[in-house]
Structure formats: C-alpha cells, structure tokens
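I have placed the structure first, in the form of structure tokens, so that the comments after it can refer back to it.
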Amino acid sequence: MSTVLRDPTSEMSSSMRKSVAMPDDLSGKTIALLDIAKERSDEFIDYLESRFTAQGMKVKRYRKASNSKPAAQDIVQSIVKEADVAVVALAD
C-alpha cells in the first residue's frame, strides 16, 4: 500500500507526494526538531529534546522566524542535510 501526502503550503496549487519511508529504528539517527514559532512551542520542543537525548539520540534544533510563514529555504535545506528524521512542533 502506498501513502501519499498532500502539501499544505498553498491551497491554490496543492501537490501530491509519496511519503519517505520512516526508519524502523531511530538509534544512531539525527532528529531535527523544528519549532514553528508559535507561543509555547519551544516548551514542547524542550520536552521532546530531553526525551530523545535521554535515549541517546542526537538532536538538532531549528526555528522558523514566524508561525505565519513557511520555513526559510536555508532552514529546510539544513534539515535535509543534517538530519535523518524531522519533528515539527505545533502548540496551541
């Protein structure tokens, strides 16, 4: 069975993409934590970071400049180059 995700970045022109297979095991993987810059999302990222590092995983943190805009291309490219898995934190 194939999983297809819809790109939520623009309602005017959505695109369909196949999802990337998730690793079976996170051991030895670098996890990117992207803070979307909403109020208190940093608290959630702090919690995730503590949980992942307690299990011996490497974590890299990133933060968008504003929650109302997509992440800057340089942040996206850094995540692609530096991490194996990304977690995007939402908080409300």
### Query
Of all residues in segment 55-88, which are within 14 Å of T30 (Cα to Cα), of a type in the set (D, E, K, R) and assigned to a loop (DSSP other than H, G, I, E, B)?
D84
#### Entry: Flag for A83 being of a type in the set (A, V, I, L, M, F, W, C) and open to solvent by 100 Å² or more (accessible area, probe 1.4 Å)
no
#### Entry: Filter result for D74 (surrounded by 12 or more Cβ atoms within 10 Å (Cβ to Cβ) and modelled with pLDDT of 90 or more)
no
### Qualifying residues in segment 56-92 (those that are touching a residue at least 12 places away in the same chain (Cβ under 8 Å) and among the polar types (S, T, N, Q)) - the one nearest to V20 (Cα to Cα)
S78
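Any residue at all in segment 5-27 that's among the hydrophobic types (A, V, I, L, M, F, W, C) and at pLDDT 90 or above? Even if it seems obvious, please write down each step before you answer.
Step one: of segment 5-27, the residues among the hydrophobic types (A, V, I, L, M, F, W, C) are 5, 12, 16, 20-22, 26.
Checking which are at pLDDT 90 or above leaves us with none.
Scanning segment 5-27, I find no residue that is among the hydrophobic types (A, V, I, L, M, F, W, C) and at pLDDT 90 or above, so the answer is no.
The values are calculated or read from the model by the stated rules, or taken from the named source; none is laboratory data. Bear in mind the structure is a predicted one, so any value in this text is a computation, not a measurement. Counting neighbours? That spans all protein chains shown, and the Cβs are built from the backbone with ideal geometry, glycine included. Accessible surface areas use protein heavy atoms only, side chains included; no ligands, DNA or RNA. Shrake-Rupley method; radii C 1.70, N 1.55, O 1.52, S 1.80 Å.
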